[in-house]
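Structure record follows, encoded as structure tokens.
The values are calculated or read from the model by the stated rules, or taken from the named source; none is laboratory data. This one's a predicted model, so the numbers in the text were calculated from it and none came from an experiment. Every residue, glycine among them, receives a Cβ derived from its backbone with ideal geometry; neighbour counts consider all protein chains shown. Accessible surface is based on the protein model in full, side chains and every heavy atom, while ligands, DNA and RNA are left aside. Shrake-Rupley method; radii C 1.70, N 1.55, O 1.52, S 1.80 Å.
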2 protein chains.
Amino acid sequence: MNALLASTSTLHNQQYLEYLEKEISNLFKDSKEVIFIPYARPGGITYEEYTEKASEAFLKYGIELKGIHEFKDPIAAIENAEGVFTGGGNTFLLVSELYRNGVMNVLRDKIREGMPYMGTSAGTNIAGLTMQTTNDMPIVYPSSFKTLGIIPFNINPHYLDPDPGSTHKGETRETRIHEFHAINSQPVVGLREGSWLEARKDQIILKGDLEARIFRKDKQPEEVSTDTDLSHLN
Amino acid sequence: MNALLASTSTLHNQQYLEYLEKEISNLFKDSKEVIFIPYARPGGITYEEYTEKASEAFLKYGIELKGIHEFKDPIAAIENAEGVFTGGGNTFLLVSELYRNGVMNVLRDKIREGMPYMGTSAGTNIAGLTMQTTNDMPIVYPSSFKTLGIIPFNINPHYLDPDPGSTHKGETRETRIHEFHAINSQPVVGLREGSWLEARKDQIILKGDLEARIFRKDKQPEEVSTDTDLSHLN
């Protein structure tokens with residue numbers, strides 16, 4: 001496995017993918033062409049718009065990004081891919097389209113075989129066992145909540161600590177994950193913006209400057225520091 | 001129809017249901033016993049704990065609250081009910097259990113016949129056409145996202161305005177609803193905490209001190225003031 005799973009595509013006051021520059025150039029060092037999966041359509045933008053945005057960011061690596069929607073046979077496109085990048089947006093839409101186009105299983109197989117994979121936000125969420133710790137609205141009804149499962153736990157991207165000064169009564173992120181664990185047993189990694197997981201061979205290492213918050217059923221949440229190996233979580 | 005659909009159960013620095021006291025006492029003035037639906041399990045609490053909490057708040061009205069889980073036949077319980085209150089929590093769990101227990105359709109029929117109904121948060125969300133503008137995590141996979149449809153639009157409870165000072169890159173509520181409208185066409189009412197809808201006969205009136213934010217596909221969002229009739233929205 002050779003995957004880069006980032007909480008977010010963009011940090012405050014930075015360009016799209018800017019903070020991941022070194023990691024992207026390393027991950028895709030042997031790739032001339034990478035397949036982009038724009039299914040999550042952030043803010044409802046089209047596949048074409050989204051692919052153009054991502055392509056521009058990949059120009060500096062000398063890599064041509066091709067949208068999966070440009071291929072007649074999306075399954076064959078993944079089968080033949082040198083690398084894949086799945087962008088963020090709405091996770092329900094992403095998962096729904098991955099199933100509808102028959103791409104979920106072939107993508108899992110290719111990542112397991114070692115094809116370089118990068119995800120941001122929703123594209124990272126789908127690396128987990130299920131998409132059930134997404135923050136997104138259920139704008140479509142996917143045929144399943146099961147996702148790639150290339151890591152043995154779930155991810156909550158854009159993890160946000162409770163705001164002690166808030167007067168808002170909607171559930172905090174931590175409460176939502178606690179509700180998840182009332183019904184489900186897999187651990188959840190709350191990945192803050194600026195953190196990513198580097199999944200190489202049998203290791204899943206937390207990277208970036210921040211700690212991540214680990215939630216386990218019936219246990220107190222726990223902070224883990226950068227460079228922690230999470231491969232034995234679960 | 002005779003329904004009270006509140007964005008939240010509790011306001012900052014107040015007791016549970018405190019701000020709705022007058023409305024609750026008016027809605028259930030002819031009811032001695034009200035059925036409580038605790039399926040949404042906020043924070044993962046049990047049906048028993050949740051029903052006890054709600055029952056205590058109903059003591060002052062001289063109303064006995066009975067949890068739907070206390071009945072062998074939940075469908076008959078709704079059929080015979082003088083009134084129903086559905087509490088907040090996780091909307092996916094609520095909708096999943098409403099279908100699993102066969103309660104969704106009988107509840108819709110009874111509300112249409114004029115049985116007093118009150119919802120808070122998730123219990124309000126299910127009054128809309130679908131649950132697809134919930135803020136909750138998909139902790140279970142419900143058999144459908146379709147909900148009661150006693151009002152002709154969708155609701156986003158706990159509506160939260162974007163924070164202009166935020167450095168967080170997760171989607172704002174407004175962006176999420178915009179993503180909803182990339183795929184779906186029904187209007188969405190963003191109901192702020194402290195607002196509720198009073199659905200009586202053929203009118204659906206916005207109540208409380210705050211404006212509500214109305215989202216329509218391909219249109220700019222619009223603020224509407226208290227006492228606006230939303231029955232013709234959609």
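Annotations for the structure displayed:
- Matching residues, region A:205-234, being closer than 25 Å to A:Gln14 by Cβ, surrounded by 13 or more Cβ atoms within 10 Å (Cβ to Cβ) and not small (Gly, Ala, Ser): A:Ile205, A:Leu206, A:Lys207, A:Leu210, A:Glu211, A:Arg213, A:Val224, A:Thr226, A:Thr228
- Subset of region A:144-165 (residues that are within 10 Å of chain B (Cβ to nearest Cβ), open to solvent by 50 Å² or more (accessible area, probe 1.4 Å) and not charged (D, E, K, R)): A:Leu160
- No other residue among A:Gly114, A:Gly83 is small (Gly, Ala, Ser), at pLDDT 95 or above and more than 16 Å from the chain's Cα centre (by Cα) apart from A:Gly114.
- Flag if B:Tyr39 is within 14 Å of chain A (Cβ to nearest Cβ), part of a helix (DSSP H, G or I) and of a type outside the set (S, T, N, Q): no
- Pairing each residue of region B:70-85 that is more than 15 Å from B:Tyr39 (Cβ to Cβ) and touching a residue at least 12 places away in the same chain (Cβ under 8 Å) with any residue that is assigned to a loop (DSSP other than H, G, I, E, B) and open to solvent by less than 60 Å² (accessible area, probe 1.4 Å), provided the two are 6+ apart or on different chains, yields C-beta distances under 6 Å for B:Glu82/B:Ser31; B:Gly83/B:Phe28; B:Gly83/B:Ser31; B:Gly83/B:Pro116.
Yes/no per residue for (1) open to solvent by 70 Å² or more (accessible area, probe 1.4 Å); (2) on the phi > 0 side of the Ramachandran plot; (3) out of contact with any helix residue (DSSP H, G or I) (no Cβ under 8 Å at 6 or more places or on another chain):
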{"site": "A:Lys32", "(1), (2), (3)": "yes, no, yes"}
{"site": "A:Ile35", "(1), (2), (3)": "no, no, no"}
{"site": "A:Thr46", "(1), (2), (3)": "no, no, yes"}
{"site": "A:Ala54", "(1), (2), (3)": "no, no, yes"}
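- Every pair of residues 6+ apart whose Cβ atoms lie under 9 Å, when the first sits in region B:182-194 and is within 7 Å of chain A (Cβ to nearest Cβ) and over 22 Å from A:Ala40 (Cα atoms) while the second is open to solvent by 30 Å² or more (accessible area, probe 1.4 Å) and in a loop (DSSP other than H, G, I, E, B): B:Glu193/A:Thr167; B:Glu193/A:His168; B:Glu193/A:Lys169; B:Glu193/B:Leu11; B:Glu193/B:His12; B:Glu193/B:Leu160; B:Glu193/B:Leu210
- When residues in region A:183-234 are screened for being part of a strand (DSSP E or B) and of a type outside the set (Phe, Trp, Tyr), 23 of them pass.
- Selection from region B:188-204 of residues that are in contact with a strand residue (DSSP E or B) (Cβ under 7 Å, 6 or more places away or on another chain) and open to solvent by 60 Å² or more (accessible area, probe 1.4 Å): B:Arg200, B:Gln203
- Scope region B:23-36; condition more than 19 Å from the chain's Cα centre (by Cα) and assigned to a strand (DSSP E or B); matching residues: B:Glu33
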